[in-house]
Each structure stands twice: as structure tokens, then as C-alpha cells.
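Inspection log for the structure reproduced underneath, given as C-alpha cells.
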Amino acid sequence: ELLHETLLDVALKTEQAYWDLVRARQELFITNHLLRRTADELDRLEKRGGFDASPVQITQAQSDVEQRRSEVILARQGVHRASDALKQLINSRDLSLAGETLIIAADNPVDLPIAFSLLDAVTTALQNRPRINRAMLNISDATIRQRVADNQRLPVLNLGATVRYNGLGSTHGQSYRELSDGNFIDYILNTQFEVPIGNRTQQAQYRRFQHEHQSSVVA
């Protein structure tokens, strides 16, 4: 379960890093588009400088162009950071972090409404979440320990049976022959019944595992 949880965590981080890269490239596309539009506006104002465009407007447009260029630089850096984060998770020899290779996302953001079913999402999460499975195993283990502790509170009754063959003779050979005849057999039966006074140790052990079971259920 721990390995399963680790794999799911890596898969989730990789998917998040991928869509972060998609978002970063989309921001770079938007900032480049805004830079072109701002540059076109500056060019239009400069051409109309001798007519109805004031020097203040032209200076403001130049400032806007420089601002857009700095935003493009920041957006490019964001794409590089997102690409490096995804390469680190992929951990491939062909995608070195020291290289300048950029990962190109194959998907574009979907501009459509997406409907989710809360019941299906919760059901799927409960069935596949490793922590839930591990919690259920903890409850099962605590139940077994509580059942064993409950059995240990019961009285102990042991039953023993012994059968012994005897050989009686004046020599060893005669004694062994008497064993095969089975004329001298001892039968011993014994019982042992034990009830601890107060039974405090087993009672305390049972209460301890009972509390552990309740804690596992709450968890």
C-alpha cells in the first residue's frame, strides 16, 4: 500500500507539472500577443506624432512596450521552470536538467464546461485511496488482536493422554520381545483446569486492544 500511495503521488505531481507547463506556455503566447499589439500601437502613435499624438502619449506607449517585453521575459523563464520541473519528475536520461531542451505540451486548455459527479468521485476515491485501504487493514488487525485477547480471558482446560509400553524380562532381549507382545501397557489420563483469581492481566489486555480497535475505527 505504501508503494501504491507513492506511485499515485508521483503520478499526481507529474500531471500537475504537465498542466503547469501548459499554463506557462499559454501565458507566454498571451504576453507575446500583447507585446505585438502594444508595439503596433506605438508605431501608430509615432506616425501621427506631427498631427494629433502628443509626446506624452508616445512616451507612455514606449513605456508600455518595455513593460510588455519584461513580461515576455518573465513568461519565458516561467516556461523554462515548468519544463525543468516536469523533466525532474520524468527523470529521463534524454531530458537533462542542464540542457536547454524544452518539453512541448501536446494538449491545449479546454474552454468547455466540465461536469463532475460528486458521488462517483467520492466512491472512486474510497475504493482506490491507499490510506483508506491501509486504515481498513489496521481495523482488521485490531479486530483480530481484540478477539485473541477476549479468548485469553477464558479459563484454561488442558487434557493429556499417555500410553506407555513396558517390557519385563530377566534380559534385554526378553524385555524387547515383551514390548512386541503388548502385555504390559500403562494408560495415563490427566486434566488441568486453571482460573486466575481476578484475571486482571487478561482483562487489562482485552481493554487495551478494545481501545486500539476503537481508535482504528475512528481514524
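The values are calculated or read from the model by the stated rules, or taken from the named source; none is laboratory data. These numbers come from a predicted model, not from an experiment. Every residue, glycine as well, gets a Cβ built from its backbone with ideal geometry; the counts of neighbours run over all protein chains shown. Only protein heavy atoms, including side chains, enter the accessible area calculation; ligands, DNA and RNA are left aside. Shrake-Rupley method; radii C 1.70, N 1.55, O 1.52, S 1.80 Å.
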Top-ranked residue of region 165-219 - restricted to ones that are in a helix (DSSP H, G or I) and touching a strand residue (DSSP E or B) at 6+ places or on another chain (Cβ under 7 Å), ranked as farthest from Asn151 (Cα to Cα): Glu178
Given (1) open to solvent by less than 100 Å² (accessible area, probe 1.4 Å); (2) in contact (Cβ under 8 Å) with a residue 40 or more places away in the chain, number of the condition Ala161 does not satisfy: (2)
Some residue of region 107-130 being surrounded by 12 or more Cβ atoms within 10 Å (Cβ to Cβ) and of a type in the set (A, V, I, L, M): no
Cβ pairs under 8 Å, 6+ apart, first in region 91-117 and within 11 Å of Arg25 (Cβ to Cβ), second part of a loop (DSSP other than H, G, I, E, B) and among the hydrophobic types (A, V, I, L, M, F, W, C): Ile103/Leu95
Test: residue in region 112-126 that is out of contact with any Gly (no Cβ under 8 Å at 6 or more places or on another chain), within 30 Å of Gln192 (Cα to Cα) and assigned to a helix (DSSP H, G or I): no
Tally of residues being at negative phi and either surrounded by 13 or more Cβ atoms within 10 Å (Cβ to Cβ) or at pLDDT below 90 (or both) across region 182-207: 14
The one condition in (1) touching a residue at least 60 places away in the same chain (Cβ under 8 Å); (2) surrounded by 13 or more Cβ atoms within 10 Å (Cβ to Cβ); (3) in a helix (DSSP H, G or I) that Val10 fails to fulfil: (2)
Set Ile73, Ile90: member being farther than 23 Å from Arg37 by Cα and open to solvent by 40 Å² or more (accessible area, probe 1.4 Å): Ile90
